[in-house]
Amino acid sequence: MNRSILASLVTLALVAVTALGASLADLQKSFATHRETAGTQRDEQLTKLEAAYLGGLERYLEKVKSSGNLDAVIPVHDEIEAVKADKDPLPKLPDTAASELKSMRAKYADSRGKILKTHAETLGALADKMALALKAQESELTKAGKIDEALEAKKMREGLAAEVDIVAARDLLKLGGQGGSARAALRLRRYGDNLEVLVFYDRRGKISMDSPVVNVREETGKKKELGDTKAKVLGEFVGAKGYEVDPYVSLHQVFDGKDSGKFVPNEIITDFKHVEAGERGLRLSIKPKAVNPCGVVGQVIPPATSKGTYRISLRYFVPKSNRAIAGFYFADGTYSPIGGQHFEKSGKWETAEASAESRAVADGMLFYFLMAEGKKIADGGDDYVVLRELKVEHTRFAAYVQQRFGDHGESLEANDDPQKQTLLISNGQFVQE
């Protein structure tokens, strides 16, 4: 069946490449027919497998009942009811379940997984061939001057890649493992950019920082594709000690225009496009009669509840002519300087950075002027500092379990609500460590 389906799509692709004989409607209709055929075949195989499993369970139940042991009967009875109720995934078998029942479940899960994988491979191949056919149509229609139809072909091709069942099929194939040699254990979401990855067992069969990871489409919350990670192992994804992290940049602002971005001033005079020593930046000075001049940069650092480590880097200028303002610093919600750093070198443009772990519940930073010894805010006068660039990067992460998988790739549990997901890693370390 799979070979015939793929052969048909190859023919469609060749037709699209060589001529305009097959319209977009024809291609779409043919693809829908083949997709429906593949889905029907999968459903028939699953129904047959389920019936066989139920038959085996019912025969085994009669055998167990004859022993008169109620504790042995209950797991079998519950399994039959779960299969009849079409629960997916099936509930985890209790540890007290007999080895024969566990073996039956394992064989069923393995066979079911193979059926789903075969269907996913077929659907993925169908989608690839359809995309090739649409790309060819797009090119030929463009050459023929039929721009509206070419745009429609492009729209169909781009929409195809986002269709839910096709995305699910590709994710299922990723779940199958790294080159077929590993098993997926978890789907993990890291705090900050909320990227998700499949986490596979390492070579020892454990979940460790050496566990391979594969980027997948995000399922938490609004289920949007948020981006890709370059990480190849879990340690890189969460920034564990000894691993080169794939960081998340929560802010990168160059203050060379009329936009201060996330930096919101309070009782501070801002002068945009200020030129100082050949470079342009955001000039910051104290408003007359100010009581608490500061700046707020919201939602850029990890809070203590999702503990992580972050780094701020910046380029700044402090004039030597300042009399009261000695420099400035950024603070977290504890009002203490981030990384204990004051930025007070003066007379030329400076590049600096500071790193810190989460300490406050809030996820924002505060900007404060650093007053010279014996000076007050009211003494600020015409003093100022210039901020050219500010960057915030998350380098160690908290990570949460979105989904767990069984020994045969079956889903044991899944939770799309970020508030209910289990914390597995905090600040780049397993929580049990």
- Task: Using only Cα atoms, tell me the angle between helix 70-84 and the longest principal axis of the chain; keep it within 0 to 90° and round to the nearest 10.
- Result: 80
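Restricting things to Cα coordinates, could you compute the convex hull volume per residue of segment 2-175 in Å³?
Details: hull volume 19.0 nm³, N = 174.
Taking only Cα atoms, segment 2-175 has a hull volume of 109 Å³ per residue.
Let me check I've understood the local charge: for Gln341, count other residues with C-beta under 15 angstrom from its C-beta, Lys and Arg +1, Asp and Glu -1. What total comes out? Please list the in-between numbers first.
Details: positive: Arg311, Arg315, Lys345, Arg359, Lys391; negative: Asp332, Glu344, Glu350, Glu353, Glu357.
After counting each charged neighbour, the total is 0.
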- When you take every Cα atom in segment 249-396, what is the radius of gyration, and what is Dmax, the widest Cα pair distance, in Å? 14.6, 43
- Task: For helix 2-18, report the angle its Cα long axis makes with the longest principal axis of the Cα atoms of the chain; keep it between 0 and 90° and round to the nearest 10°.
- Result: 60
- For mean projected area of the Cα convex hull in nm², which listed value, (i) 27.4; (ii) 29.6; (iii) 24.0, comes from the coordinates shown? (ii)
- Task: Give the cross-link partners of Lys273 among the lysines, using a straight C-alpha distance below 16 Å as the criterion and excluding same-chain residues fewer than 8 apart.
- Result: Lys258
- Task: Before rounding to the nearest 500, sum -39500 (n - 2.57) across all DSSP H runs of length at least 4 in the chain and divide by the residue total; then give [θ] at 222 nm in deg cm²/dmol.
- Result: -12000 deg cm²/dmol
- In percent, how large is the relative contact order of segment 2-175, given Cα pairs closer than 8 Å and 6 or more residues apart? 33
- Task: Beta carbons within 10 angstrom, averaged per residue: use that to sort the peptides 388-400, 256-268, 273-285, highest first.
- Result: 388-400, 273-285, 256-268
- Task: List every residue whose amide H lies under 5 Å from the amide H of Ile425, counting only residues 5 or more places away in sequence or on a different chain, with H placed 1.01 Å from N in the peptide plane.
- Result: Ala399, Val431
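Values quoted throughout were computed directly from the atomic coordinates according to the rules given, and no laboratory measurement underlies them. The shown structure was predicted, so the numbers you read here are calculated from the model rather than taken from an experiment. Counting neighbours? That spans all protein chains shown, and the Cβs are built from the backbone with ideal geometry, glycine included.
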